[in-house]
Amino acid sequence: MGIVSDLAEIVGPDRVSTSDAVCLSYAFNCFMGKGIVRKPDIVVMPETAEEVSAILKVANRYKVPVTPKGAVGGAGHGGPLKGGILLDLALMDRIILIDATNMKAVAEAGCSFFKLSQELFKNGLMLPTAAYGPGPSVAASAITPANGFGETRYGANINLVEGFEVVLPSGETIRVGSMAYADSDFGPYYRYITGPDLVGLFTRSNGAFGIVTKVAYRCLHRPAHWAFHSYCWPLEKIEDVTKALMAVTAIEVFDAHLYDKWWLLGMGFTIPDDCHFALTVIVNAENQQELNGKEQSVKDICQTYGGASLPGIAENVHIIWPTYFCLMMAEPPPSAHTPTKKLRRYLYLVDELIYPTSKVPDVYTKVTEICQKHGLWDPPQAAGFDGFTMSPQVICSPIPIALDDSDPDMVERFHKAQGEFREWFGVMGGTFQYRLPPLVPEFVWTNQLSAFALLKSIKAVLDPNNILSPGTFELGEG
Amino acid sequence: MKELKKTNLKDFKESWTFCLHCAGCYYRGPNIPHNWLELPPPEWSPPQRKCPSFEYYYFRAYTASGRGNLAAVVFDDNDFPITDDLIKVVYTCTSCGMCSEICRQFQPLTAIWALREELVQRGAKLPEPLDRIHANIEKSGNIFGARRQPKALEEIPTTGENIYFAGCTARFQQPEVIKATVEVLKTAGMDVACLGDAERCCGFVAGHDGNTALLEQQATENIAAFKKAGAKRVIVSCADCYKTLKIDYPLILGELPFEVVHVAELFAKLIDEKKIRFTHEVKKGVTYHDPCFLGRHGKVYDEPRKVLESIPGIKLIEMERSRRWSYCCGSGAKVISNCYPEFSTAITKERLVEGKQAADTIVTACTSCFNIMDKAVRKQGMELEVCDLSTLVAEAMGIEL
C-alpha cells in the first residue's frame, strides 16, 4: 500500500490523481501564469471534513506536504511550494446555513462567493465584498485574500468572517470563533468566544495551520437605494484627491476607489485630458431621503477638494450586467495592444499594497518613479494604479503591469523594479495583501519579524512534521 | 471587448494568457454576481452544474480553466511531451460551449479547440477512433465509412435552389428524419433537392478534434457541390452540420454564396407564412432539448419552441437547464460519444433524467442529439419518448412516413 492507494481508500479512486496533466493544471496562478510553476504530486478532491481529516492523517504518516486550493480568482496562492498533495476543495460547496434573522451564513470551504451571495440576496442580505464575480471559494478567500479585485470600505473578505471549522494537521477537527457554538440553539452569532480570538490564526494562513472546511460569515442588510458618483483631478492635485478620499471614507459610504488614468483607459473609459485620478464612490441607504443626504455629503467633499464631476465611471466600473470584475480586468490596458509589442500577461509589480490612505501621494510617486526608471510605466508599457479603501484611512493598491513574459529583458526590468519598490515599501512599514507564496516567495520581511516568529512557534506545535503548506512561514527569516 | 472568431493559435496566443482563472467557467452555482441593486436576471444565472467533464472527472484539468493552463504550456514549449494523459484531458471536453457562454471575454472553448489544433499539427496520436473517422471521411465522405447513398435521398433531385444537406447521421442512421423533413417541406410547397452522391461529411468532427485541414477540405468540396447544384439556401437537420456550415465555413472560406438554415428556423418561417398547416392534434407534454451547436453556438432558441407551440395539443415544458444554459446530450461533438463512451453515457443519462422530470417526451432538433438520446432511452428502458422535431411536425401535418 502506498500513499496514493491510502488516499484512494478515503475518497475513492476517482478523486485521487497523480496524472501529470492533472497536476500541472493546478500549477498556475493568474497574473503569474506559467512563470511560477509549482506542481503538486497528487491532487485529491475531498467532499467532507471527515475525508480531509483522514487525508491529513495519511499525509502525516508519510510526512507529505498538503496545500489546500479553492477556486481562486485573481491573486491568492497558487500551487504548493513543496509539491506533495493538493487538496482541491471544489466539491465541498454546500451552503450550510442562511440565517436571515440573525444575518449569518455558513458555507463549506469550496462554496463560491457567487453561489453564497445569490442565496443571501434572496434573503435580503449581502456580503459587502466585491469578490462576487471572480468566484473565489469561501475558504480560499478567507485563508488568502484571494478575490484580488478590490474590497469595499467594509474591508477584506476576512473582515466578514466570524468562524471557521478547521481540520488541524493531526486530523483533529476544531471549531473556532462563532463556529465553536454554531450547533447550539443560539447558532453562530458572534466571532468571539470566551477567550482569545482564534479565527485570526487561520486567516491568510495559506492553510499552514489547518485546512479550513467551513466558514461562518456575518452579513449585511442590503439597502434598496444606491447611488454612484465619480470625480476627477489632475496629476498635480494628488494631495487634494487623497484628502477627498480620506474625507469620503471617514463617512458611511459603501465603496470608494481611486484610479489613475492608465487604469481607466485600460477599462475602456474615455476621460478628459486633465483627468489623471478618478475617485469613485458608491453610497447606499434605506430610503431616498437618507440617500440624498449621503450623496450631498460626497458631492460637498469632492467639490471642496477641487474635484470635477466625471459621470459614468462609478456606476459602470464594477457592477453592470453582465460584466464582472474578472471580465472587466480581462481586457488589458490599451497600451498592451501596441503594434510593436504584444504584452501577454499581467504581473503584479508589488502584489497588493496595504498602507495608510494618507500615504497615497508617497506611494504613487514612488511607484511611478521606479517604474519609469525601468521603462515600465508610461505607454507603450502597461501599468495602472488602483486604490480601494479597506476601512477608513487604510487603502489597498494593486499595481498590475502587463508585459511580455517571453521577453527576458522586460521580465528582468520588471523584477528589478519589483525588488526596488518592495524594499522601499517594507522599510516604510507597508504590508502586502498578497504576500503569500508563491507570489513573492523570495521576499525577505523585515518589518514584522516578531509576529512571524510567534507564528512559526505556533506552527511548530500544531504541525510538527510541517506538512501543511510548507514554505509559507519561512518567509520571515532574514 | 475582444472576441475570438477563429480557432487559430494566433488569436489564442494573444488572448488566452490573460485568463484570470476565476473558475467561473466550471464552478458550481450561479456565477453571475449581483450588482447590489437587484438580483441577477434569470438569463444571467447559469445552472448549478455547468461543465460535463468537470462533473464526471472532477479535477480542474478537466475544465476550461485547467485546459487553458495546459494549453499555455503546450503552446510555449514545442517539445512539451504529448502524453496519453494530456490527450485524455484535452479530448474529454464536450465542446458544449457552456464555458464560453459564461466567459464571453476569453471564449475558453476556443482555446481548447486551438489546443487540439496544435496537438494535431504536432502529430499527436488522437484517441480512438478519431483517426478511423478521419479516414472514413476522406475515403467515403462520411464518418461511418458507408459506401452506398441511402435510399431516402435517391428520389430527390440533385439540383435546385433549396438543397437539403442531410448530414452523416441522418443519411446512414436516421432515414426517417430525412423522409419526414423532405415530406414536410414538399407539403409546404417547397421544391427540395439534395447533393446526392456529392454530399460529403461537413467536417464537423474533424474541425472539433483539431484536424482543421480536413475540415477545410470538406468545406471546399461541399461548397463546390452546393454551387454546382445551384443552391441559394442550404437546409440542415443536424445542429453539428448547422454550426459547421453556418459558422465555420465562412470563417475558413469567406462569405458563402447561399443561406444556411436549420429546419427549425425554416419550419417556423413556413408556419408564419401559413405554408405549414397542422391538421392533427398531438396531445403531449413535451420538453425541448436545445442542442449545443444549434443553441449556444448557433443562437437558435426561439424557432424550435415556436414550432412546438404551434402544434395543436402540445404543451411545452422547459427543463431546468434550457436555452443558453442547456446541458450536453452526451454526444460531445461526437468526440465524447466515440472516444469516451462511459462518460458519454453518464452525460446522456443526466440529461434524460432532467428531461423526464419535465415531461414524458423530449424533443430535439439535432440528429446527433436524437440519435444518442433515443438509443439511451431504448437501452435503459426509460419511460421517456425521444422525438425528432421534423418527425413530430410531419405527424402533426398528417404526413404518413
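What is the helix-to-structure angle for B:263-272, meaning the angle in degrees between its Cα long axis and the longest Cα principal axis of chain B, kept from 0 to 90 and rounded to the nearest 10?
The angle comes out at about 50 degrees.
Does the stretch A:225-330 come out rounded, prolate or oblate by the C-alpha gyration tensor, with a ≥ b ≥ c the root eigenvalues, rounded set by a/c under 1.5 and, if not, prolate when a/b is larger than b/c and oblate if not?
Verdict is oblate for the stretch A:225-330.
Contact order normalised by length for chain B, with contacts defined as Cα pairs under 8 Å and 6 or more residues apart; what percent is it?
Worked out over chain B, it gives 16 percent.
Report, in deg cm²/dmol and to the nearest 500, the calculated mean residue ellipticity at 222 nm for chain B, where each DSSP H run with n ≥ 4 adds -39500 (n - 2.57) and the sum is divided by the residue count.
Value at 222 nm, helices only, nearest 500: -13000 deg cm²/dmol.
Over the stretch B:130-269, calculate the relative contact order: mean separation of alpha carbon pairs under 8 Å at least 6 apart, over the residue count, as a percent.
Computed value for the stretch B:130-269: 25 percent relative contact order.
Quick one: if the Förster radius is 60 Å, what FRET efficiency do A:Asp409 and A:Glu252 give, using the C-beta to C-beta distance and rounding to 0.05?
0.80
Treat each spin label as a single point 7 Å out from the Cα along the C-beta direction, and report the A:Asp273 to B:Asp191 distance in nm.
Taking the simple label geometry, A:Asp273 and B:Asp191 are separated by 6.6 nm.
Largest first and in whole Å, what are the equivalent-ellipsoid semi-axes of chain B based on the Cα gyration tensor, each being the root of 5 times an eigenvalue?
With the √(5λ) rule applied to chain B, the semi-axes are 33, 26, 19 Å.
So how tilted is helix B:212-229 from the main axis of chain B? Cα-based, degrees 0 to 90, rounded to 10.
Taking Cα atoms only, the helix is inclined about 20 degrees.
Once label points are set 7 Å from the Cα along Cα→Cβ at both A:Thr365 and B:Lys283, what is their separation, rounded to one decimal in nm?
8.6 nm
Can you list the GluC sites (Glu not before Pro) in the stretch A:229-305 that are in a DSSP coil and have 11 or fewer other beta carbons within 10 angstrom?
A:Glu286
With angles folded into 0 to 90 degrees, how steeply does helix B:130-140 sit against the dominant principal axis of chain B? Use alpha carbons for both and round to 10.
So the helix axis and the longest Cα principal axis differ by about 40 degrees.
Based on the Cβ-Cβ distance of A:Ala224 and A:Asp197, what FRET efficiency does E = 1/(1 + (r/R0)^6) give at R0 = 30 Å, to the nearest 0.05?
Step by step, r from the Cβ atoms, then E = 0.35.
Quick one: which of B:Lys151/B:Lys349; B:Lys179/B:Lys227; B:Lys315/B:Lys349; B:Lys186/B:Lys283; B:Lys50/B:Lys243; B:Lys88/B:Lys243 span more than 27 angstrom between C-alpha atoms?
B:Lys151/B:Lys349
If we count other beta carbons within 10 Å of each Cβ, what is the order of A:Thr389, B:Thr391, A:Thr431, B:Thr159, fewest first?
B:Thr159, A:Thr431, B:Thr391, A:Thr389
Rank the residues B:Thr364, B:Thr220 as a footprinting-exposure proxy: fewest other Cβ atoms within 10 Å of their Cβ go first.
Arranged by neighbour count, lowest to highest, B:Thr364, B:Thr220 become B:Thr220, B:Thr364.
Starting from a Cα-only point model with no solvent, please compute log10 I(q)/I(0) by Debye for the stretch B:130-269 at q = 0.11, 0.13, 0.22 1/Å.
The Cα Debye sum returns log10 ratios of -0.35, -0.49, -1.48.
Assuming R0 = 25 Å, what is the FRET efficiency of B:Glu259 and B:Lys139, from their Cβ-Cβ distance, to the nearest 0.05?
0.25
Could you please rank A:Phe425, B:Phe258, B:Phe370, placing first whichever residue has the fewest other Cβ atoms within 10 Å of its Cβ?
In increasing order of surrounding Cβ atoms, one gets B:Phe258, A:Phe425, B:Phe370.
Between A:Asp14 and A:Ile96, what length comes free when the chain is fully extended (0.36 nm per residue of separation minus the Cα-Cα distance, one decimal in nm)?
27.0 nm
Need one number: nm distance between label points at A:Leu462 and A:Leu235, each 7 Å from Cα along Cα→Cβ, rounded to one decimal.
Using points 7 Å along Cα→Cβ, the separation is 4.6 nm.
Readers should treat all values here as calculations from the given coordinates under stated rules, not as data from a laboratory. All values derive from a computational prediction rather than experimental measurement. No Cβ is skipped: glycine too gets one built from the backbone with ideal geometry, and neighbour counts run over all protein chains shown.
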